[in-house]
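Trainee: One structure is given below, represented as structure tokens, and several questions about it will come after.
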Amino acid sequence: MKRGVSSKFLLEQTLLSNERTLLAYIRTAMASLIFGFALLQFGSSVPNVISLGYSAIAVGIIFLLIGLTHYHYNRLKITQTFR
């Protein structure tokens with residue numbers, strides 16, 4: 001790809017878009033983690049609520065891992081494309 005002013009802006013725009021996607025994954029993971037901890041804190045007398053709380057925490061961790069993997073994979077692909 002020809003390196004010009006427009007390709008530098010396109011690279012930066014694409015990298016920033018990738019970072020916004022990572023932040024969306026982090027936001028979703030944090031919401032799930034907070035919900036899970038709240039269920040564990042306030043629903044300690046009901047066994048079904050406890051299992052739901054642990055499940056929400058697990059989903060939050062999975063979202064975080066998927067988001068980080070997605071971010072690093074796409075960043076590698078983006079930088080290889082714009083070389």
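The values are calculated or read from the model by the stated rules, or taken from the named source; none is laboratory data. Since the model is a prediction, treat every value here as computed from it, not as a measurement. Reconstructed Cβ throughout: ideal geometry from the backbone, glycine too, with neighbour counts over all protein chains shown.
Trainee: Can you name every residue in region 1-50 that is of a type outside the set (A, V, I, L, M, F, W, C), surrounded by 12 or more Cβ atoms within 10 Å (Cβ to Cβ) and either touching a Lys or Arg at 6+ places or on another chain (Cβ under 7 Å) or more than 27 Å from residue 71 (Cα to Cα) (or both)?
Mentor: Scanning region 1-50 gives 18, 43.
Trainee: Read through the list (1) part of a helix (DSSP H, G or I); (2) at pLDDT below 95, then give the number of the only condition that residue 1 fails.
Mentor: In the conditions (1) part of a helix (DSSP H, G or I); (2) at pLDDT below 95, residue 1 misses (1) alone.
For every residue, the table says whether it meets (1) of a type in the set (Lys, Arg); (2) at pLDDT below 95.
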position	(1), (2)
5	no, yes
8	yes, yes
34	no, no
38	no, no
41	no, yes
61	no, no
64	no, no
68	no, no
74	no, no
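Trainee: Note down all Cβ pairs under 8 Å where the first residue falls in region 34-46 and is aliphatic (A, V, I, L, M), the second is exposed (fewer than 15 other Cβ atoms within 10 Å of the Cβ), and they're at least six residues apart or on different chains.
Mentor: Going by the 8 Å Cβ cut-off, the qualifying pairs are 39/49; 39/50; 40/50; 40/54.
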